[in-house]
Amino acid sequence: MDRIYLANWLMPSFKENEAASEFFRSFSVEKSVKKATLWASALGVYAARINGKKISYVLAPGWTAYHARVQYQEYDVTEYLKEENTLSLTAAGGWRMDYGFGGNLKVIKPWAGKEIAGNEYAVIAALLIEYADGTEDMIVTDENWSVKETKWRYCNIYQGDIYDETFEGNTHSVKVIDHPKHVLEQQEGEIIAEHEHLKPIALIHTPKGETVIDFGQNMTGYISFTLTVPKGEKIVIDHAEILDYEGNFYNDNYRSAKAEIIYIGDGTEHTWKPEFTFYGFRYIRLKEFHGEVNLDAFTAIAVHSDMERTGYFECSDPKVNQLYHNIIWGQKGNFLDIPTDCPQRDERLGWTGDAQVFARCASYNYNTRKFFRKWLTDMTHEQQPNGAIPHIIPRLDWESCSCGWADVCVIVPWQMYLLYGDRELLARQYVTIKRWIDYMYEQGDAYIRSGKHYGDWLSQDAPDPNSCGGGTSKWFLAYAFRAYSTSLFIKISKILGTNKRDIQEYTAKLEETKCRIREDYFKDGMLTLMTQTAHVLTLKFELCEESMLQAHADKLAEMIHENGDRLTTGFLGTPYLLHMLTEYGHTDLAYTLLFQTKMPSWLYAVEHGATTMWEHWDGIRDDGSLWDVGMNSYNHYAYGAVGDWLYGTVAGIETDEDHPGFEKIRFCPKTTDKLTYAKASLKTKYGTIASEWHHDGEKVTYTFTVPSGLSAKLELGEEIFELGAGTHTFER
């Protein structure tokens, strides 16, 4: 058993008021050390150090369903020990605070203990020292520790940092609290780590006279600077994603999140960076600053969950390559322990709908198996007694569940199965999935016709241009996703070999749902709803009669043409749009949408300087005006779901439901004369798969790589080939 369960929870004995506090204990080591192991956690976030050297991960222990579990981390600290040592844990509130989305939502107070409030923090740790002579020492958090006030005078995930180099804090005794330890669980998810270090690309003096530094990339993380600030004087830095149409600093879209750094100097040079928060930004404004600006003094550090990069895509079109770049950086910026919707404003929450639509693309780009597994565990803990899935995981104090959002509990495990062959995850999540399916049927029309559905979020076909819910009937969408989740549940049940009577029961429920949809929304076999998303989902979820699928695909193509070869889909329709066009013989139109630069389109944002995915198709309009400040993120990955079409259709590395996890490869590239080449690679547990094609105007040359021990099915038009291990070349 890890020794952390022998330790005690410690709190400051004084009121910290969102400042950080440092808990510490000194000890001696007088014998030869064989191994030293530290286990640590916090109700909040912590930074662990031995003899002043940081050993913990970024923003440890991460964000979980705190009422059910708190992760703890294990560190090998053997190399850090000396004869005389100090072990310290500096803690701050982190995600635990009386503040949240819109400035008026509050994180639920889930701490089970009565001695700690929701906006307070505590730490726990155990250090095991194993000596070469076979003896050992244990140091645990207890009444022998001390706690002192720190130079971190304020630490808030949304508002930022106040750090005072001149502050000399007092040392106090600790408060040992009787908080439950059964909530402690070993680290399940990926750690958060520092990644890219970006230097400034420009120093800008705006028309308003502001001093702004441009790092060239919208990102999630924080800045590091090396400066000498006069004693008692301060510098003030705030963050932004964009400049406005006049070239001025703009962060009104952060809403009530200040995202600000206040640093007070002591007259000597220091290198400093945040430790207890993160920022979403491309630009920083030196709101208050002393002396000339030396760009070499500043570095932007990207932080995100430490996932392994597995997928790569490239083609001959630089705009599409920039789109792919934006997809990757959108994922980096929002896969920070949980899949957030955005990293900058007063939100940064685990919205289920965003994760649901992007999970497939995300799992081509990176190995997300461990990342999503951890988040799905919290989803199970947050599932309500009646089976409902909250739309934010970990949840806030909202009690609602929306079609297409709550269905994440089915769709993400299914994608993990397709991409990784993770049958065990299907089994682990089976009860959660079944309880959600049962909830939809037990609630019936009360759920379908509830006012809590977000609809085809941010689509372009809403009657009111300021509406976010889209133009597709929310009741239709609720029925459609009930049908889709039920169909996946039936497949999962067959894979796991569950009770055949259950399969029969839910097969009947699925047919009942489809009959209801056809009764309410179809006439003479055709859908009566004239929206692109309704037709996309009819095709993807097979809601119409099989004989009418092609007619609906043709109608979808007709509607796109009538809209000037532009899409109108939102969060729920966009992920499947190009796939359905390709599947039903409209590949050329799918490529037309990919290369479209008029709004709405993926390349519209690229042409307007985007370096990540935008929340709105028209986050910046052609006239330079911006979407309303109430909801306008420029790092919002949902529309990046198109990336899985780049992998699966353009390059042709596609999943196979009958052979999940690429145990047998399926190559099915669809070429276009708009590209001279396209290529992709994907690292799997079997080895790296690669697909590439070159178009010289007269012929197309294909090259496919199959790892050792695998085989592949190749589909080139009507031709089908079986490939063995090795590299294969074809000309057509």
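Some observations on this one:
- Test result for Leu682, within 24 Å of the chain's Cα centre (by Cα), outside the structural domain of Ala605 (by TED's automatic domain parsing) and not small (Gly, Ala, Ser): yes
- The residue of region 44-89 that is farthest from Ala19 (Cα to Cα), among those that are without any contact (Cβ under 8 Å) to a residue 60 or more places away in the chain and either aromatic (Phe, Trp, Tyr) or touching a Pro at 6+ places or on another chain (Cβ under 7 Å) (or both), is Tyr80.
- Scanning region 658-685 for residues that are closer than 29 Å to Leu488 by Cβ and either of a type in the set (Lys, Arg) or surrounded by fewer than 18 Cβ atoms within 10 Å (Cβ to Cβ) (or both) turns up Asp658, His659, Glu663, Lys664, Arg666, Lys670, Lys683, Lys685.
- From the list Pro385, Pro394, the lone residue that is surrounded by fewer than 24 Cβ atoms within 10 Å (Cβ to Cβ) and either without any contact (Cβ under 8 Å) to a residue 40 or more places away in the chain or not assigned by TED's automatic domain parsing to the domain that holds Asp520 (or both) is Pro385.
- For region 392-414, a residue qualifies if it is under 22 Å from Trp63 (Cβ atoms) and touching a Lys or Arg at 6+ places or on another chain (Cβ under 8 Å), and the qualifying residues are Leu396, Asp397, Ser400, Cys401, Ser402.
- Number of the exception - Val320 against (1) assigned by TED's automatic domain parsing to the domain that holds Asp618; (2) not in a helix (DSSP H, G or I): (2)
- Filtered residues of region 404-433 (kept if outside any helix (DSSP H, G or I) and either among the aliphatic types (A, V, I, L, M) or under 20 Å from Tyr506 (Cβ atoms) (or both)): Gly404, Ala406, Asp407
- Note on region 237-270: among residues that are assigned to a loop (DSSP other than H, G, I, E, B), of a type outside the set (D, E, K, R) and buried (at least 17 other Cβ atoms within 10 Å of the Cβ), the one that is modelled with the lowest pLDDT is Ala257.
- Qualifying residue in region 348-359 (condition: in a strand (DSSP E or B) and closer than 21 Å to Ile191 by Cα): yes
- If you go through region 438-453 and pick out every residue that is closer than 28 Å to Tyr637 by Cβ and either touching a Lys or Arg at 6+ places or on another chain (Cβ under 8 Å) or not assigned by TED's automatic domain parsing to the domain that holds Met631 (or both), you end up with 2.
- The number of residues in region 326-356 that are out of contact with any Asp or Glu (no Cβ under 7 Å at 6 or more places or on another chain), of a type in the set (D, E, K, R) and either over 14 Å from Gln217 (Cβ atoms) or surrounded by fewer than 24 Cβ atoms within 10 Å (Cβ to Cβ) (or both) comes to 4.
- Selection within region 567-617 - within 22 Å of Pro465 (Cβ to Cβ) and either among the polar types (S, T, N, Q) or without any contact (Cβ under 8 Å) to a residue 40 or more places away in the chain (or both): Thr568, Thr569, Thr574, Leu593, Gln596, Thr597, Lys598, Met599, Ser601, Tyr604, His608, Trp614
- Where Ala446 falls short, out of the listed (1) buried (at least 20 other Cβ atoms within 10 Å of the Cβ); (2) part of a helix (DSSP H, G or I); (3) among the hydrophobic types (A, V, I, L, M, F, W, C): (1)
- Filter result (part of a helix (DSSP H, G or I) and surrounded by 15 or more Cβ atoms within 10 Å (Cβ to Cβ)) within region 513-527: Thr513, Lys514, Arg516, Ile517, Arg518, Tyr521
- Which listed residue, of Trp436, Trp457, is modelled with pLDDT of 95 or more and assigned to a loop (DSSP other than H, G, I, E, B): Trp457
- Looking across region 479-502 at every residue that is at pLDDT below 95 and assigned to a helix (DSSP H, G or I), the one that is surrounded by the fewest Cβ atoms within 10 Å (Cβ to Cβ) is identified as Arg501.
- Ala125 vs. criteria part of a loop (DSSP other than H, G, I, E, B) and either under 16 Å from Val45 (Cα atoms) or modelled with pLDDT under 95 (or both): no
- Residue that is within 16 Å of Val303 (Cβ to Cβ) and at pLDDT 95 or above, where the choices are Val45, Val77: Val45
The values are calculated or read from the model by the stated rules, or taken from the named source; none is laboratory data. Quick caveat: nothing in here was measured; it's all calculated off a predicted structure. Neighbour counts run over all protein chains shown; Cβ positions are idealised from the backbone, glycine included.
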